[in-house]
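Here's the structure, in structure tokens; my notes come after.
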Amino acid sequence: MNDLLSNPAVQGGVAPFVAGLVATVLLGRFRLGGLAVAAAFAIAVYFIAGFGFTPLSATRKIILLGLAAPVAGIVVDFAFRPTRLGSYVLAIAGAAAAAWVFWPVLAQKDLERALLPGATAVLASAWVVGFSEQRLAGDSVRTAASGLALGLGTGIAAIFGAALTYGLYGVAVAAGSGAFLLVQMVTGKRSYAGATFTLSVTVVAILIASAAMILAQLPWYSVVVLALVPVAANLPVPAGAALWLQAVLASLYGFVVAGIACALAWHAGG
């Protein structure tokens, strides 16, 4: 059993998927199915790194934000009405989160070496969080497809960028998103995603991609392409198509863009 639980595929994929599936089924009736990604990420953290937060490194800050994001999402979903201003506020919060995570690392580098990755991390975080909240949060199928493609693309690209741990965290996000999407495809009924889901996905995924860029070898342009995955998932699908077909098409759109990011990471790594 210990050998099984120490397998990276189980830690980053199987166990998070099961946790996400359980969370979706049990909490969906309370409009909290979006916690599937948080559950998946938490399980991955438990198996891979544990929940120690001292010293507060960049990776531990990402874990902390990954656990705080769904809490913030619940507050947004149940206490505020979704507005365009709200998505802008969340975008600014995403940018601030990236700055908080990476500033101590970037401050130790020369301005020329720190400016491009720092700007990429901050702007990509603002874009992914803001766009997903404004355009995807109200559509549980599209946002789940976006989370699946973004998480998987981030995970594979991070592994190509010599960041295995970050890669497993990205795959865990994809596993939780996939579980949330699968339940909808099987039942033929939409779930409620909201900020609870979108923040859980976007905050973790884009910060992981940025960490693989700043702390490992993922090229900055791969992060830029990954930031376009939510845009791809928002492309038109046949309105009258079955829910499962809409899910497949939205996921495929995202996979194409995520695949480009992975290919760029592979090429950059030789």
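Every number here is computed from the coordinates shown, using simple stated rules; none is lab data. Note that the coordinates shown come from a computational prediction; the quantities given were computed from them, not determined experimentally. Cβ: placed from backbone, ideal geometry, glycine included. Neighbour counts: every protein chain shown.
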Return one quarter of the surface area of the convex hull spanned by the alpha-carbon atoms of the stretch 80-171, equal to its mean projected area, in nm².
6.9 nm²
Report Rg(Cα)/(2.2 N^0.38 Å) for the stretch 97-233, keeping two decimals.
1.04
Cα-based Rg/(2.2 N^0.38 Å) for the stretch 1-124, rounded to two decimals, is 1.26
Ranked packing of 188-196, 161-169, 124-132, most packed first, by mean Cβ within 10 Å:
124-132, 161-169, 188-196
Of the convex hull drawn through the C-alpha atoms of the stretch 1-69, the volume per residue in Å³ is 85 Å³
Give a residue-ordered list of calculated ³J(HN,Hα) values for the stretch 77-85 (Karplus: 6.51 cos²θ - 1.76 cosθ + 1.60, θ = phi - 60°; whole Hz; x for Gly, Pro).
5, 9, 10, 9, 7, x, 9, 5, 4
Taking amide H positions as placed 1.01 Å from N in the peptide plane, with prolines and chain starts having none, which residues 5 or more places from residue 192, or on another chain, fall under 5 Å of its amide H?
33
Residue by residue, what Karplus-based ³J(HN,Hα) values in Hz, rounded to whole numbers, does the stretch 111-118 have, using 6.51, -1.76 and 1.60 with θ = phi - 60° and x for Gly and Pro?
4, 5, 7, 9, 5, 5, x, x
Using θ = phi - 60° and Karplus 6.51 cos²θ - 1.76 cosθ + 1.60, couplings along the stretch 188-199 (whole Hz; Gly, Pro as x)
x, 10, 6, 9, 9, 9, x, 5, 4, 7, 4, 5
At the level of C-alpha centres, the distance separating the stretch 71-134 and the stretch 203-239, in angstrom, is 13 Å
Could you grab the relative contact order for the chain? Cα pairs under 8 Å, six or more apart, rounded to a whole percent.
27 percent
Kirkwood hydrodynamic radius, computed over distinct alpha-carbon pairs, for the chain: how many Å, to one decimal?
17.9 Å
Highest average packing first - 29-38, 64-73, Cβ atoms within 10 Å
29-38, 64-73
Peptide ranges 250-257, 78-85 listed from the most packed, as the mean C-beta count within 10 angstrom indicates:
250-257, 78-85
Exposure proxy ranking, count of Cβ atoms within 10 Å, fewest first, for 187, 202:
187, 202
